[in-house]
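The values are calculated or read from the model by the stated rules, or taken from the named source; none is laboratory data. Small disclaimer: the values here were computed from a predicted structure and weren't measured. In this analysis, Cβ positions are derived from the backbone assuming ideal geometry, glycine residues included, and neighbour counts consider all displayed protein chains. When the accessible area is computed, the model is the full protein with side chains, heavy atoms only, and any ligands, DNA or RNA have been set aside. Shrake-Rupley method; radii C 1.70, N 1.55, O 1.52, S 1.80 Å.
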Amino acid sequence: MFKLTQLCAAVLLLAVAPMFEAQAAASVAVAPSTQQDLVQRIDAIAAPYIKADGPGMTLIVTKDGKTLYRKAYGMADVMAKTPMQADMALRLGSITKQFTAVAVMLLADEGKLAVADPVTKYLPDFPEHGITIEHLLTHTSGIVNYTDKANFPSMAAQSLPLPQMIDLFRNDPLDFKPGTQFKYSNSGYFLLGAIIEKVSGTGYAAFLRQRIFTPLGMDHTGYGDSDPAGIARASGHAPGPNGVQGAGPMNMAWPYSAGALTSNVDDLARWNEAIRMGKLLKPDSWKRVFSPYTLAGGKASDYGYGWNIGKVRGHASWSHGGAIPGFRSEAAYLPKDGIYVAALSNMIGPGSAPLPLIVNKAAALAAGDAYPEPVKVSLSEKVLDGMVGVYQINDKATRVIRRDGDHLVMQRSGGPATPIWPQSETGFFMNDSLVQLEFQRDASGKVTAMSVTQDDGSSSVQQRISDAPPAAPAEIKLANTAFDEFVGRYEIAPNFIITVSRDGDKFVAQATNQPAFQIFPRSETRFFVKVVDAELQFDKDASGKVSQMVLHQNGRALPGKRL
């Protein structure tokens with residue numbers, strides 16, 4: 001997904017959406033009895049997450065192409081106090097990838113390319129790695145994700161020709177041999193845009209308009225923030241030092257064919273109806289689009305061409321989400337039920353609505369198979385302590401589980417700490433999320449692994465590699481006067497500044513567009529953060545004056561000059 005954390009590699013993930021106390025008792029999952037009942041229950045799912053005077057959301061639910069629910073919430077522009085309208089256009093982020101994938105398949109159906117073709121057939125200056133177009137479509141190329149690179153924030157502020165943007169990742173070593181692993185990469189879909197332009201002889205945006213948007217009557221869908229002209233658009237928002245503020249500008253040439261489209265929920269419903277009716281592509285091509293890619297060794301991934309292939313309450317689901325400065329998106333189609341749900345939000349970051357939860361709950365409800373509410377149960381400290389430890393996600397990331405009173409806290413490498421609550425002897429849930437965790441035991445009863453099921457139905461088993469989580473950094477005593485020499489503003493990247501200040505005896509830092517957070521000294525020049533796995537280090541020049549800060553997160557060291 002084209003995410004904020006990928007757009008700005010230096011951005012601290014400082015907090016998660018507000019957590020609410022779990023319900024004391026489960027509600028029974030009952031199918032809606034009438035259309036009015038369905039509308040009221042969908043509204044009950046979505047409405048609690050949007051304030052009337054805050055950033056908004058548009059939501060649509062259809063069945064077999066007919067609209068069951070369509071509504072706008074909140075504000076299109078908080079500062080201007082402009083209400084959100086259901087037909088307003090918003091940035092899609094990575095839902096763009098669906099359109100890029102179908103554009104490729106349109107060219108394939110015409111015999112102008114084949115998904116088995118090597119990338120170098122169309123982009124001869126790209127290194128010869130044995131990467132095919134299909135590897136790009138399925139995130140199995142091994143190409144480094146350019147939005148994860150440490151220098152991306154500074155590069156993204158520039159306006160460069162397409163070949164020079166590709167240079168940002170062209171010569172990087174691959175993360176793995178093509179076809180052997182799945183790893184989400186915006187770089188692959190960026191290259192697909194260049195291939196579409198090369199093969200079609202026209203620009204990416206023009207090709208999509210001519211071949212997809214215009215034929216399907218998608219007159220509120222376009223490339224960037226001004227195409228098409230003359231339509232109503234929502235403004236993007238993000239957290240700021242004094243509450244919600246407008247999101248900063250972004251050069252849309254960077255998300256390009258990986259995330260630069262805008263649309264509204266009506267056009268997305270038209271798009272899905274074209275898919276349901278088998279328009280645009282040959283039947284075999286549509287079948288290929290929605291088939292999980294099989295990795296070398298025979299294991300199927302959970303991704304086709306531009307769509308996640310998963311399940312919602314056991315119902316087959318084709319879905320995708322997006323996140324881009326100021327906006328989030330989520331859409332899911334249950335093909336056997338004919339149910340389509342799309343939600344677009346003009347808020348990114350802490351406090352934004354949990355779109356995957358809203359979309360999947362609404363889809364399940366419309367399919368007559370509503371999610372039951374989780375029931376929080378009590379487990380002894382001994383049982384909880386038996387699950388504490390470190391779990392291996394992949395070769396670069398782990399998940400740490402700690403106990404906090406009557407529940408556990410989960411923290412991925414470089415990420416925020418998130419409470420998880422017991423709902424059975426081994427099962428746990430997260431507030432405002434459909435993610436489910438199940439701890440696995442061996443014959444002796446010892447916890448050996450954790451199964452994580454995502455909101456799209458995909459799951460993974462993460463082995464326990466340590467019974468003891470890493471010790472928390474020890475906090476030292478530091479005088480206020482000693483800290484005051486660090487007070488100032490530090491530029492990690494253009495338009496991304498961390499401001500350091502003191503609030504009484506509290507040491508505080510705040511990143512651009514994010515809430516303030518407390519930092520704690522572990523030495524005279526290094527501070528740790530409790531809400532996220534990150535540290536701040538202050539360096540002095542030869543004269544002894546503080547000259548820079550270094551942000552340590554996700555294995556990276558990102559320096560920031562003092563302003």
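Some observations on this one:
- Residue 160 being open to solvent by 40 Å² or more (accessible area, probe 1.4 Å), among the hydrophobic types (A, V, I, L, M, F, W, C) and farther than 28 Å from residue 54 by Cα: no
- Any pair with Cβ under 9 angstrom, 6 or more apart, that starts in segment 166-180 at a residue that is in a loop (DSSP other than H, G, I, E, B) and ends at one that is among the basic types (Lys, Arg) and surrounded by 15 or more Cβ atoms within 10 Å (Cβ to Cβ): 172/149; 175/183; 176/183
- Between 101, 89, 114, the distinction of being hydrophobic (A, V, I, L, M, F, W, C) and surrounded by fewer than 17 Cβ atoms within 10 Å (Cβ to Cβ) belongs to 114 only.
- Filtered by the rule that a residue be surrounded by fewer than 21 Cβ atoms within 10 Å (Cβ to Cβ) and either among the β-branched types (Val, Ile, Thr) or in contact with an Asp or Glu (Cβ under 6 Å, 6 or more places away or on another chain) (or both), segment 215-234 gives a lone residue, 231.
- Pair list, Cβ < 8 Å and 6+ apart or interchain, from segment 290-301 residues that are surrounded by 12 or more Cβ atoms within 10 Å (Cβ to Cβ) to residues that are acidic (Asp, Glu) and outside any loop (DSSP other than H, G, I, E, B): 293/134
- Identity of the residue in segment 239-251, part of a loop (DSSP other than H, G, I, E, B) and under 19 Å from residue 516 (Cβ atoms), that ends up modelled with the highest pLDDT: 247
- Annotation note: Cβ proximity below 8 Å between a residue of segment 193-210 that is closer than 15 Å to residue 98 by Cβ and outside any helix (DSSP H, G or I) and a residue that is among the charged types (D, E, K, R) and at pLDDT 95 or above (sequence gap 6+ or interchain) occurs for no pair.
- Residue match in segment 252-261 (condition: open to solvent by less than 10 Å² (accessible area, probe 1.4 Å) and assigned to a strand (DSSP E or B)): yes
- For segment 403-418, filtered to residues that are open to solvent by 40 Å² or more (accessible area, probe 1.4 Å) and assigned to a strand (DSSP E or B), the residue that is farthest from residue 515 (Cα to Cα) is 403.
- In segment 443-457, the residues that are surrounded by 11 or more Cβ atoms within 10 Å (Cβ to Cβ) and out of contact with any Gly (no Cβ under 8 Å at 6 or more places or on another chain): 448, 449, 450, 451, 452, 453, 455
- Verdict on residue 128 being out of contact with any Ser or Thr (no Cβ under 7 Å at 6 or more places or on another chain), of a type in the set (Asp, Glu) and open to solvent by 30 Å² or more (accessible area, probe 1.4 Å): no
- Residue in segment 144-151 that is outside any loop (DSSP other than H, G, I, E, B), among the charged types (D, E, K, R), touching a Gly at 6+ places or on another chain (Cβ under 9 Å) and buried (at least 19 other Cβ atoms within 10 Å of the Cβ) present: no
- Cβ-Cβ contacts under 9 Å between residues 6 or more apart (or on different chains), taken from a first residue in segment 265-277 that is farther than 14 Å from residue 319 by Cα to a second residue that is in a helix (DSSP H, G or I), are listed as 267/213; 274/212.
- Scanning segment 549-558 for residues being buried (at least 16 other Cβ atoms within 10 Å of the Cβ) and assigned to a strand (DSSP E or B) gives a total of 6.
- Scan segment 521-548 for residues that are within 25 Å of residue 397 (Cβ to Cβ), over 29 Å from the mean Cα position of the chain (by Cα) and assigned to a strand (DSSP E or B) and the total you get is 1.
- The condition of being assigned to a helix (DSSP H, G or I) and either under 26 Å from residue 246 (Cα atoms) or open to solvent by less than 60 Å² (accessible area, probe 1.4 Å) (or both) holds for only one of 509, 482, that being 482.
- Residue that is farthest from the chain's Cα centre (by Cα) [pool: residues in segment 326-351 that are closer than 24 Å to residue 240 by Cα and surrounded by fewer than 24 Cβ atoms within 10 Å (Cβ to Cβ)]: 351
- Complete set of residues in segment 34-68 that are under 25 Å from the mean Cα position of the chain (by Cα) and hydroxyl-bearing (Ser, Thr, Tyr): 49, 58, 62
- Restricting attention to segment 458-479 and to residues that are assigned to a strand (DSSP E or B) and either touching a residue at least 24 places away in the same chain (Cβ under 8 Å) or among the acidic types (Asp, Glu) (or both), the residue that is least open to solvent (accessible area, probe 1.4 Å) turns out to be 462.
- Single unsatisfied condition, residue 367 versus (1) modelled with pLDDT under 95; (2) open to solvent by 10 Å² or more (accessible area, probe 1.4 Å); (3) not polar (S, T, N, Q): (1)
- Selection status of residue 231, touching a residue at least 40 places away in the same chain (Cβ under 8 Å), among the β-branched types (Val, Ile, Thr) and part of a loop (DSSP other than H, G, I, E, B): yes
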